[in-house]
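Undergrad: One structure coming up, written as structure tokens, with questions to follow.
The values are calculated or read from the model by the stated rules, or taken from the named source; none is laboratory data. Given the structure is predicted, the values throughout are model-derived calculations rather than measurements. Note: ideal-geometry Cβ built from the backbone for every residue, glycine included; neighbour counts use all protein chains shown.
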Amino acid sequence: MIFSMLKKFNNNSEWKEIKYPQRKFGSLKYLLSIFIILLTIFLLILSNAIPSLTFNIPVIHRSISFNWVINLLIVAIWGITIYKSVLVYFNLLKSTKSWIANNLAYMIGTLKLFDEEYFENITNDNKVIREKRIIRVIRIYYKETEKYVFVRIMRDGDRFTNEATKLGENLESSLGMELESTNMTVNYAEYIFIKRKDERIDLNSMVNKVNGSEEIKITGNISYELSKVPHSLIVGGTGSGKSFFILGKIVNYLKLSPQADLRIIDPKKADLSLLRFVTGFENKVATEANQICRILRETVELMERRYADYFNDVSAFGKTYRDFNLPVVIVIFDEFSAFMHSVDKKVAKEALDYVFTIVMKGRQAGVMIEILMQRPSADDLPTNIRAQMGFKTGLGAMDSIGYNMIFDTNSIEYKTVTEKGGGYIQIDGKHTAPVYFETPYIDKDYDFITEIEKLMKNQETIEL
């Protein structure tokens with residue numbers, strides 16, 4: 001029975017309710033003590049009841065007693081039984097009172113997340129005694145998996161309903177874990193904690209080396225597949241690490257198999273524009289308004305050709321570009337806001353129409369776009385485009401209005417970002433709310449141009 005209880009308590013896949021005040025297990029201690037006393041008495045009686053084992057040996061005219069062997073055996077049985085009983089006792093205590101439950105119960109007590117009332121009791125001699133009792137306690141449940149701890153605080157319409165949405169920092173301190181994300185519903189507030197702190201990876205670890213994989217790793221815990229998460233929005237000001245982040249993604253896109261077909265748009269003529277001097281990027285880097293519209297138009301035309309060539313009958317049902325071994329086409333549009341403000345309305349509308357077409361139709365054909373901005377602006381990037389971005393990041397410190405524009409939520413308590421390359425990220429299918437992350441580490445002496453040239457030459461060799 002005890003072992004079946006242990007198995008039940010160790011099933012971490014089920015939600016467990018926090019009991020407050022916690023149930024005491026003093027009776028188990030007394031039962032263990034009584035068991036030890038009764039066992040000792042029983043073995044003493046057994047020892048006395050065993051007849052004397054003495055043998056006479058005529059040759060040496062002496063007798064030898066073997067009672068000490070019996071006594072030693074009884075003592076060994078006593079010791080082993082006591083050890084096993086104590087072990088089961090402590091395992092039961094450990095299983096029924098996990099450290100998570102203990103810490104959450106302690107938080108309930110210190111924050112007084114319960115209601116009390118006085119009750120009057122009349123004793124046998126007709127004296128009235130007032131006694132304070134807990135009548136209501138905030139309802140908290142938790143669930144533990146290999147990587148995460150989930151905590152749900154129920155919203156029952158009492159005074160704890162508002163408290164449930166404000167306990168993020170208290171829970172972090174109580175559990176000693178980093179809060180990854182929150183999920184607020186009408187019925188409960190859910191907090192998701194990472195058991196092990198996320199690791200900042202190296203640039204060379206970003207792409208899964210398995211052939212045919214399009215998995216892009218961002219951190220030790222965060223990764224995504226391009227075919228499932230098309231289109232990206234990356235926002236970050238000067239010194240936020242945005243430029244290194246996108247250059248790192250470019251390097252890893254060129255490591256994909258088949259190699260990604262990249263088109264670069266850099267209206268400010270900054271670092272990305274220098275890729276036009278790399279063999280293989282001829283006519284794929286645009287800095288002027290007419291060039292930018294041309295690249296966008298040609299990308300849309302390529303997308304339409306793919307639909308006409310590969311998705312033209314019922315056999316293509318449910319397939320994507322990967323089923324036809326087509327390279328993913330990625331347009332990297334840097335300084336999007338700067339472009340929208342530097343051209344006339346007609347050119348801006350033309351470019352925006354092409355972007356909208358790519359965003360709405362590009363996923364299945366493997367045509368994607370990454371939009372980079374220094375400052376979030378709902379006027380420059382309409383909601384109908386922003387909503388289709390499966391990969392969203394805000395790098396560096398920004399205010400709640402900026403975060404709200406990127407992630408379309410204002411229910412998150414954002415921490416101040418101090419680390420270069422640090423910020424918040426939200427990936428469709430991975431996160432229900434933005435989480436803090438740090439971009440892959442890139443050595444300051446890393447030569448992007450040399451690495452990109454090498455990757456482009458390798459591709460030319462493969463094609464030949």
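Undergrad: Which residue pairs have Cβ atoms closer than 9 Å, lie 6 or more positions apart in sequence or on different chains, and pair a first residue in segment 359-376 that is outside the structural domain of Tyr403 (by TED's automatic domain parsing) with a second residue that is part of a helix (DSSP H, G or I)?
TA: The qualifying pairs do not exist here.
Undergrad: Count, please, the residues in segment 403-449 that happen to be small (Gly, Ala, Ser) and at pLDDT below 85.
TA: Within segment 403-449, residues that are small (Gly, Ala, Ser) and at pLDDT below 85 number 2.
Undergrad: Right, something else. Determine if segment 299-307 includes at least one residue that is surrounded by 20 or more Cβ atoms within 10 Å (Cβ to Cβ), under 27 Å from Ile425 (Cβ atoms) and under 32 Å from the mean Cα position of the chain (by Cα).
TA: Within segment 299-307 (the criterion being surrounded by 20 or more Cβ atoms within 10 Å (Cβ to Cβ), under 27 Å from Ile425 (Cβ atoms) and under 32 Å from the mean Cα position of the chain (by Cα)), the answer is no, since none of the residues qualifies.
Undergrad: Next question. Within segment 103-113, can one find any residue that is closer than 30 Å to Gly220 by Cα and surrounded by 12 or more Cβ atoms within 10 Å (Cβ to Cβ)?
TA: Yes, some residue in segment 103-113 is closer than 30 Å to Gly220 by Cα and surrounded by 12 or more Cβ atoms within 10 Å (Cβ to Cβ).
Table: residues versus (1) outside any strand (DSSP E or B); (2) farther than 30 Å from Gly168 by Cα; (3) in contact with a Lys or Arg (Cβ under 7 Å, 6 or more places away or on another chain).
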{"residue": "Val331", "(1), (2), (3)": "no, yes, yes"}
{"residue": "His341", "(1), (2), (3)": "yes, yes, no"}
{"residue": "Gly362", "(1), (2), (3)": "yes, yes, no"}
{"residue": "Ala397", "(1), (2), (3)": "yes, no, no"}
{"residue": "Ile401", "(1), (2), (3)": "yes, no, no"}
{"residue": "Asn410", "(1), (2), (3)": "yes, no, no"}
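Undergrad: How about segment 21-48: which of its residues are assigned to a loop (DSSP other than H, G, I, E, B) and either at pLDDT below 80 or surrounded by 12 or more Cβ atoms within 10 Å (Cβ to Cβ) (or both)?
TA: Once the filter is applied, which keeps residues that are assigned to a loop (DSSP other than H, G, I, E, B) and either at pLDDT below 80 or surrounded by 12 or more Cβ atoms within 10 Å (Cβ to Cβ) (or both), segment 21-48 yields Gln22, Arg23, Lys24, Phe25.
Undergrad: Does segment 146-187 hold any residues that are of a type in the set (Val, Ile, Thr) and farther than 26 Å from Gly423 by Cα, and which are they?
TA: Matches in segment 146-187: Ile153, Thr161, Val186.
Undergrad: Run Lys346 past the list (1) more than 25 Å from the chain's Cα centre (by Cα); (2) of a type in the set (Lys, Arg); (3) within 20 Å of Leu226 (Cβ to Cβ) and report the number of the one that doesn't hold.
TA: It fails just one condition, (3).
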